[in-house]
Structures are given as C-alpha cells and as structure tokens.
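Here's the structure, in structure tokens; my notes come after.
The values are calculated or read from the model by the stated rules, or taken from the named source; none is laboratory data. Values in this document were obtained by computation on a predicted structure and should not be read as measured data. Neighbour counts run over all protein chains shown; Cβ positions are idealised from the backbone, glycine included. Surface areas here come from the heavy atoms of the whole protein model, side chains and all, with no ligands, DNA or RNA. Shrake-Rupley method; radii C 1.70, N 1.55, O 1.52, S 1.80 Å.
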Amino acid sequence: MAACQVMTQQHARALSPLVAAARGQQPGRRPVWFMRQAGRSLPEYREIRVGRGMLESCFDPELVCEITMQPVRRHGVDAAILFSDIVVPLKAAGVDLDIVSGVGPVIAHPIRTHADVRALPLLTPDAVGAVSAAVKLLKAELGETALIGFAGAPFTLASYLIEGGPSRNYENTKALMYGQPAIWHELVAKLADITIAFLKVQLDAGVDAFQLFDSWAGALSVADYNAFARPHSARVFAELASYGVPRIHFGVGTGELLHDMGTAGADVVGVDWRIPLDDAARRIGPGRALQGNLDPAVLFAPWPVVEQEVRRIAAEADRAVAAGALGHIFNLGHGVLPATDPTVLTRVVELVHSL
C-alpha cells in the first residue's frame, strides 16, 4: 500500500469526463465506471482482504485508498468510488451491527418501536474521521480522475434497521411505514440527518461527486415512494446542493419511480438494466443526466455479445441526449458480480472510450 501511505502534491485537476457529462458539458470521452468495481471480482482485492473484516477495512484509511485505487489502475475507469458500505455511518454512530459474509448487514437489535427510534444515535464527524482521511489520500493519488463519495438513502437504511438485515418482502418495514407513519417519518428523518452528516464529511474532504443509493426503493409503489421515501432523499440532496458537485441517485427495480426520483434533486439518475436509456430519459424528463445501464450478467456472455450490448446502450444513451438528457455516464445497471472476469471489464472500458 506504499502508494497510498504518503500524501503527494495535489495535481492540477481539469474537469473530468464524468463531471462534464453530469453537468451537460461535452466530455473528452464517454465516461465509464462500475458500481462495485472495487471488490471481489479483483484478485488483488481478495488478496488484500485476507484476514480483514469488511467493517474493519472501511475504517482503515490506507486500506480504503488502496482498494479504491485498484480498479482505476487495472481498468482505466473515469471515476473511483470510495470503498465503503452504506451501513458504515450507522456503525460509526454506535449502532450494533456487522457485515456477515454471504448475508450482508445484520443488525443486532432491529428498530421496531418509538423507543427504538428515539434511542438511535446520530453521527458526529469525528466518528468517521478515517473516511475523511481516506478521501484526502485518494485525492492526492487520483489526479484528474473523479472521486465519487456515497451513502445509503434514508429508506434503504431504514429497511436494514427495521428488518435486521437484507429482506425479500420488507414486511416489517412496510408494517411500520403503513401502521405507524409518524414513527416512520421520525426514524427516516434521523437517518437523513446521518446521511447528510456522512456525505458532508466526504464532501469537505474533497470528493468530486456523490451517489445516493436507494437500493431497495424499487419495493415501493409510486404513491408510497412519494409519501414515505422521496421527501427524505430530497432533503439530503437539497442540504448538499451548495457544494456544487454532481449528485447521483440510484435504485434497483425503479423503472416506475424514475420520474419521481428525478425530481428528488439529483443531477444524474442511475438506471438499472430493465428499461432502455432513451425510455428512461422520457420518464425522467429533460435536464438530468443518465447513468447506466448494462446488465451485470451480460459480462458472462461471449465477447461479441458483450460488445453488441455495450454499443446498444451507448446508442440508446445518444438518443436520450438528443432528446434532452444532459449527458451519459456509462455504468452497469447494478454492481459488478463477484465472479466477473476483470479482463472483460477492462475491455468494456476500452470499448466505451472508443465510442
């Protein structure tokens, strides 16, 4: 990790292709990065994580720097995304949780009552000082490559806290949401405070953009999204608008929610693989950039198929931009799957840059 152990002089930073596309300017090339690009698909990641827990790794600035840099070095992507997890601010605030291999976040004491909500601690910047330190190390290493910060959206964080971990049906979450809406909104407002505090630490340290992951918002109807989730995400975006960096919003299975997600305040709306980008642009409306949306499973197909799909998505994105979308950032429709061949990702980056 020698490259990330010593702060080097900050490079002069030109406007990155990702930031240019997000702002509706003409990038020097079509920008591309991948959700979960730093992770189990990389042998160097698996090697460096031996004997280190996920949460332990997220609070080690030099390790965070090294893991974040790995896909930038290997693939030549146009952005690094901070290596972290959406439950990191909850852990830092004092919530008793762990990330269990093969399961995901597991909450020791799920939130189910008003007393549980009142007892939820808030986040202080000092508790995530390691994250700030990692961002500063990365800014020195990345040069003109953009660094994306991220956090979980209030609804998605609430679903983990209420269910006690990942869920298929979100029955406990929806029971609280429908049955005790006042308690629900108190909880999600506190989670918005935690999310804002976590993102401010990253922004103050220098990230060039941030992505708000409302990963599980697709479990909601349009009406429920607007009543129970969107107002709290909108507050996150509004309170961070003064930083002037691109704000990206993403969820899985959110095709029916795209218009409303687009009005929550993001500059860029991430689209999963289920609908074409030009259709997504019509749903979202003009004035927003798009991100996406290659199906991660396509990367397991023969290269001619991968190439065909990459070209198709780029063409759909071009039609979307012609119809009023601000720009396009190439990405997957969700995260890189662990068994993905990293050489395929590198070839995708080279192809995208050629289009």
- Matching entry among R168, R112, R118 (being open to solvent by 20 Å² or more (accessible area, probe 1.4 Å) and either modelled with pLDDT of 95 or more or within 19 Å of L240 (Cβ to Cβ) (or both)): R118
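For the range 287-295, does any single residue satisfy the condition of being within 17 Å of W33 (Cα to Cα) and surrounded by fewer than 19 Cβ atoms within 10 Å (Cβ to Cβ)?
To start, the set of residues in the range 287-295 that are within 17 Å of W33 (Cα to Cα) comprises 289-295.
Going one step further and asking which of them are surrounded by fewer than 19 Cβ atoms within 10 Å (Cβ to Cβ), we end up with 295.
Checking the range 287-295: at least one residue is within 17 Å of W33 (Cα to Cα) and surrounded by fewer than 19 Cβ atoms within 10 Å (Cβ to Cβ).
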- Within the range 156-206, track down each residue that is in contact with a helix residue (DSSP H, G or I) (Cβ under 6 Å, 6 or more places away or on another chain), touching a residue at least 60 places away in the same chain (Cβ under 8 Å) and in a loop (DSSP other than H, G, I, E, B). G206
- Query: Which pairs do you get when a residue that is farther than 19 Å from D116 by Cα, found in the range 84-106, comes within reach of a residue that is of a type outside the set (A, V, I, L, M) and open to solvent by 60 Å² or more (accessible area, probe 1.4 Å), reach meaning Cβ atoms under 6 angstrom, with the pair 6+ apart or on two chains?
  - Reply: G104/P166
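Go through the range 241-256 and give me each residue that's of a type in the set (D, E, K, R) and more than 18 Å from the chain's Cα centre (by Cα).
Step one: list which residues in the range 241-256 are of a type in the set (D, E, K, R), which gives 247, 256.
Correct list: E256 only.
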- Enumeration of residues in the range 276-304 that are closer than 24 Å to P17 by Cα and of a type in the set (V, I, T): I284
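Residue by residue, here is whether (1) surrounded by fewer than 19 Cβ atoms within 10 Å (Cβ to Cβ); (2) under 21 Å from the mean Cα position of the chain (by Cα) holds:
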site: E239; (1), (2): yes, yes
site: L258; (1), (2): no, yes
site: Q308; (1), (2): yes, no
site: I313; (1), (2): no, yes
site: E316; (1), (2): no, no
site: A325; (1), (2): no, yes
site: V336; (1), (2): no, yes
site: V349; (1), (2): no, yes
- Message: Can you tell me which residue is nearest to V188 (Cα to Cα) among those in the range 99-128 that are assigned to a helix (DSSP H, G or I) and in contact with an Asp or Glu (Cβ under 9 Å, 6 or more places away or on another chain)?
- Response: V117
- Message: The conditions are (1) among the polar types (S, T, N, Q); (2) under 20 Å from the mean Cα position of the chain (by Cα); (3) surrounded by fewer than 22 Cβ atoms within 10 Å (Cβ to Cβ); (4) modelled with pLDDT under 95, and Q70 fails exactly one of them. Which is it?
- Response: (4)
